[in-house]
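To start, the structure itself, in structure tokens.
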Amino acid sequence: MAAQIYSGEKYASRRREISANLAKRPEFHDSKPLPFMTREEKILESSRKLTLISKHMNEIIDPSDKRELYHLNCEVLGIEGNPMALHGDMFIPALTAQASDEQQEKWLSRALRREIIGTYAQTELGHGTNLRKLETIATYDVDTQEFVLHTPQITALKWWPGNLGKSSNYAVVVALMIIKGKNYGPQTFMVPLRDEKTHQPLKGITIGDIGPKLAYNIVDNGFLGFDHYRIPRTNLLMRHTRVEPDGTFVKPPHAKINYSAMVHVRSYMITGQAIMLAYALTIATRYSSVRRQGQIDTTQPEVKVLEYQTQQHRLFPSIARAYAFVFAGAETVRLYERVLQEVETGNVSLMADLHALTSGLKSVVTHQTAQGIEQARMACGGHGYSQASYISEIFGVAVGGCTYEGENLVMLQQLARYLVKSAGLVQAGQSSKLGPLVAYLGAKSDSTSLIDRTPTPGFAEYVKTFQHIARKQTLKAAQKLFGFMEKGDTREVAWNKSTVELNRASRLHTRLYIVEAFVRRVEEVADPRLKEVLTDLLRLHVNYELLDVAAYALEDGFLSSSQLDYIREQLYFYLAKIRPNAVSLVDSWEFSDRELRSVLGRRDGNVYENLFAWAKASPLNKTDVLPSVDKYLKPLMESARASKL
Ligand SMILES: CCCCCCCCCCC/C=C/C(=O)SCCNC(=O)CCNC(=O)[C@H](O)C(C)(C)COP(=O)(O)OP(=O)(O)OC[C@H]1O[C@@H](n2cnc3c(N)ncnc32)[C@H](O)[C@@H]1OP(=O)(O)O
Ligand SMILES: Cc1cc2nc3c(=O)[nH]c(=O)nc-3n(C[C@H](O)[C@H](O)[C@H](O)COP(=O)(O)OP(=O)(O)OC[C@H]3O[C@@H](n4cnc5c(N)ncnc54)[C@H](O)[C@@H]3O)c2cc1C
């Protein structure tokens, strides 16, 4: 199963080897539980481990293999981030996709060797979503052949970039490029921020950390201001866009090619989110198979809470989603890598498809992941609320994904643009022009679903039902938009009046894609035992998902209420059928205790002993009487007693 999760036995067994290697190297382990550390201690500890990784990485992994590096980071550094998180996730990808060969020679090679540390500085205090209205300006000075970076007002301060605050000495900065008074929109520049030797901010730079956040606090998200700060013309990233010495602008082959670092993260984060969901479910499912409370049969001992149907309903559909997301994530990464290669040869034809797909997936997956993690926390009762479970941290980190790389409700609209265009083609009788991801929009629906007509309906019936729902909603939402426009609204006003419906279409389209990705993967599985378990999980998934969106199919009679009852019964059947495999389904992700960082979710299942040992190790328990008691509580009680006398 691990080979299915990690797209092949090779990487699955490399993960095991890496974990086993690290188990023998205590210097790579957390020196104490992260929840017992202050933010400063966590940053120091993370930097220590980062240095070890840099020194010894070649002994443990193949550093050219991104997935091996990812696993090493998960084991050693964990999810709370590290001082070079953005260096790997965005700075290097931005240089790879946007710097010319010459620029790569100069900067990328140094970045890869970790001679410099970089980040991606785009968001500002006043603007994150609407990139065209960023306020940091880069004005070209023809005489000196330099760009002058400037922060004209407080809202133009860069705000949020990870590792900008304290760690990075370079950034890929996004600023509006002005040449001879003309605004050429957001462009990307390589900008030195700190002295390479002293790490002091360079003259003209104001920089610092933005303070603690919900989670992800090892990362020093930062602020940055420029005071007429000069960089050479050749610091504009020039793989696709160029500015000649005389200020002539050479257009890129695609207007949004500069957005590639964002598309990179959106493509990879689907897998990252699946893994965080699987972390929380591993903890909650293991704990639920240890925790005994209440009886189902009063003549029998108390049961494991995992025997309750409600607990299964709380956890198992999310287990199925984690599998679905990791399968969809693998497809997204393959598409991203293909588009990256094609863009190199000047072929930008798939950029729009990739953008639409990743915009939708990013939004749906992060939302459902956050919901699933929060349910996993509640599934652990009181102990889920303790940081010993580590689920609150996992939630805090994962839910950030709903906001970063484009706020979810905004990104759903990007997919909706694509769907509306496709609906326009259908309306115009040009369905043959639809891309493969939306070809179903041009097909004709059956009048009713056949879901309950055979003893075990094939997945095709479910897919057809999801297609029917997504098609109906897309055409309806597009019709709403076109209707407002026909009545005289501008496209923008009409769009705003239709966005709730448009975003519903985007979600349904994306959920259909996820179901199809799951079906595609299960169909490929050769081993019959594995196929049976995955098929059960997929059956649980399609029934749960369909029930969740059934209103769309009930309203036009595509599904009948008796079919809905059938779907419900199928769901309950598969909850029970999956129960004996539940712990194995989470164990198959093969997370070591080190990677999971959860006292509650440890593989040994000694929950109570582990929790007690953890509590005793809490810094508050180092002394019996705290200074706060000596200083305040004792005098308070003493004066109360004295006044009574
Ligand atoms: C291995 C690692 C894995 C784990 C990773 C975890 C790491 C976590 C670290 C967290 C780091 C976080 C970093 C950040 O958050 S960086 C900042 C991210 N910021 C955003 O995402 C901003 C969101 N806003 C935007 O992207 C754009 O402004 C937006 C797309 C919303 C609009 O842009 P714009 O106004 O320029 O465009 P329009 O809406 O007018 O659309 C015009 C057309 O352009 C098309 N388009 C837009 N973007 C793209 C693209 N990227 N590629 C292709 N095409 C694009 C759009 O669809 C329109 O097309 P049509 O006119 O044909 O409809
Ligand atoms: C953990 C974390 C890490 C980050 N790391 C980085 C980084 O490394 N580099 C970087 O540059 N940035 C980073 N960011 C910033 C992040 O990319 C932005 O916060 C994000 O893109 C959202 O933009 P915003 O803050 O402007 O939200 P806003 O756009 O202000 O969103 C506020 C509300 O307005 C709504 N809204 C906005 N526009 C529209 C619209 N057109 N239609 C309908 N509704 C709309 C949104 O849906 C939302 O409900 C990070 C953020 C976080 C939380």
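Of everything in segment 133-168, what is of a type in the set (A, V, I, L, M) and either within 11 Å of ligand 2 (Cβ to nearest atom) or closer than 11 Å to Ile231 by Cβ (or both)? Give them in sequence order. Result: Leu134, Ala138, Val148, Leu149, Leu164.
Only residues that are of a type in the set (Gly, Ala, Ser) and within 11 Å of ligand 2 (Cβ to nearest atom) were counted in segment 363-415, giving 6.
At least 2 residues being of a type in the set (A, V, I, L, M), outside the structural domain of Gly162 (by TED's automatic domain parsing) and surrounded by fewer than 14 Cβ atoms within 10 Å (Cβ to Cβ) is the threshold, and among the strands (runs of 3 or more DSSP E) wholly inside segment 193-249 not one reaches it.
I'd like to check something: does segment 471-481 contain any residue that is of a type in the set (Ser, Thr, Tyr), in contact (Cβ under 8 Å) with a residue 24 or more places away in the chain and within 16 Å of ligand 1 (Cβ to nearest atom)? Checked against the condition, which is being of a type in the set (Ser, Thr, Tyr), in contact (Cβ under 8 Å) with a residue 24 or more places away in the chain and within 16 Å of ligand 1 (Cβ to nearest atom), segment 471-481 yields at least one hit. Restricting Gly162, Gly126 to those that are within 11 Å of ligand 1 (Cβ to nearest atom) and of a type outside the set (Phe, Trp, Tyr) reduces the list to Gly162.
Scanning segment 135-154 for residues that are within 16 Å of ligand 1 (Cβ to nearest atom) and surrounded by fewer than 22 Cβ atoms within 10 Å (Cβ to Cβ) returns a single hit, Glu135.
Residues that are among the aliphatic types (A, V, I, L, M) number at least 3 in the following helices (runs of 4 or more DSSP H) confined to segment 531-645: 550-554, 561-578, 582-587, 607-616, 634-644. For residues that are within 16 Å of ligand 2 (Cβ to nearest atom) and within 24 Å of Ile257 (Cβ to Cβ), scanning just segment 169-184, find the one that is surrounded by the most Cβ atoms within 10 Å (Cβ to Cβ). Per the criteria, the residue is Ala171.
Each residue in segment 384-407 was checked for being surrounded by 23 or more Cβ atoms within 10 Å (Cβ to Cβ), in a helix (DSSP H, G or I) and polar (S, T, N, Q), and 0 pass.
Ser363 - would you say it is of a type outside the set (A, V, I, L, M, F, W, C), modelled with pLDDT of 95 or more, in the same structural domain as Arg507 (by TED's automatic domain parsing) and within 30 Å of Ala99 (Cα to Cα)? It is true that Ser363 is of a type outside the set (A, V, I, L, M, F, W, C), modelled with pLDDT of 95 or more, in the same structural domain as Arg507 (by TED's automatic domain parsing) and within 30 Å of Ala99 (Cα to Cα). Look at segment 248-269: where a residue is within 18 Å of Leu357 (Cα to Cα) and a partner is of a type in the set (Lys, Arg) and buried (at least 22 other Cβ atoms within 10 Å of the Cβ), sitting 6+ places away or on another chain with Cβ atoms under 8 Å, you get Arg266/Lys362; Met269/Lys362.
Listed here are the residues, each with its yes/no results for (1) touching a Leu at 6+ places or on another chain (Cβ under 6 Å); (2) outside the structural domain of His29 (by TED's automatic domain parsing); (3) surrounded by fewer than 23 Cβ atoms within 10 Å (Cβ to Cβ).
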site	(1), (2), (3)
Tyr70	no, no, yes
Asn73	no, no, yes
Gly88	no, yes, yes
Ala94	no, yes, no
Ala97	no, yes, yes
Asp101	no, yes, yes
Ser109	no, yes, yes
Leu112	no, yes, yes
Gln122	no, yes, no
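Within segment 73-80, not a single residue is within 17 Å of Ala261 (Cα to Cα) and part of a helix (DSSP H, G or I). Taking the numbered list (1) surrounded by fewer than 23 Cβ atoms within 10 Å (Cβ to Cβ); (2) assigned by TED's automatic domain parsing to the domain that holds Tyr279; (3) within 16 Å of ligand 1 (Cβ to nearest atom) in turn, Leu434 passes all entries but (2). Inspection of segment 148-163 identifies at least one residue that is touching a residue at least 24 places away in the same chain (Cβ under 8 Å), part of a strand (DSSP E or B) and basic (Lys, Arg).
Just one of (1) away from ligand 2 (no atom under 16 Å from the Cβ); (2) at pLDDT 95 or above fails for Pro455. It is (2). Here are Arg520, Arg507, Arg471: which of them is in the same structural domain as Gln563 (by TED's automatic domain parsing), part of a helix (DSSP H, G or I) and surrounded by fewer than 16 Cβ atoms within 10 Å (Cβ to Cβ)? That would be Arg520, the only listed residue that is in the same structural domain as Gln563 (by TED's automatic domain parsing), part of a helix (DSSP H, G or I) and surrounded by fewer than 16 Cβ atoms within 10 Å (Cβ to Cβ).
A count restricted to segment 257-293 and to residues that are of a type in the set (Phe, Trp, Tyr), more than 11 Å from ligand 1 (Cβ to nearest atom) and closer than 21 Å to Arg15 by Cα stands at 1. Got at least one residue in segment 294-306 being in contact (Cβ under 8 Å) with a residue 60 or more places away in the chain and of a type in the set (D, E, K, R)? Within segment 294-306, not a single residue is in contact (Cβ under 8 Å) with a residue 60 or more places away in the chain and of a type in the set (D, E, K, R).
Taken over segment 390-423, the criterion of being within 8 Å of ligand 1 (Cβ to nearest atom) and under 30 Å from Trp614 (Cβ atoms) is satisfied by Gly400, Gly401.
The values are calculated or read from the model by the stated rules, or taken from the named source; none is laboratory data. Just so you know, these numbers come straight off a predicted model, no measurement behind them. Counting neighbours? That spans all protein chains shown, and the Cβs are built from the backbone with ideal geometry, glycine included.
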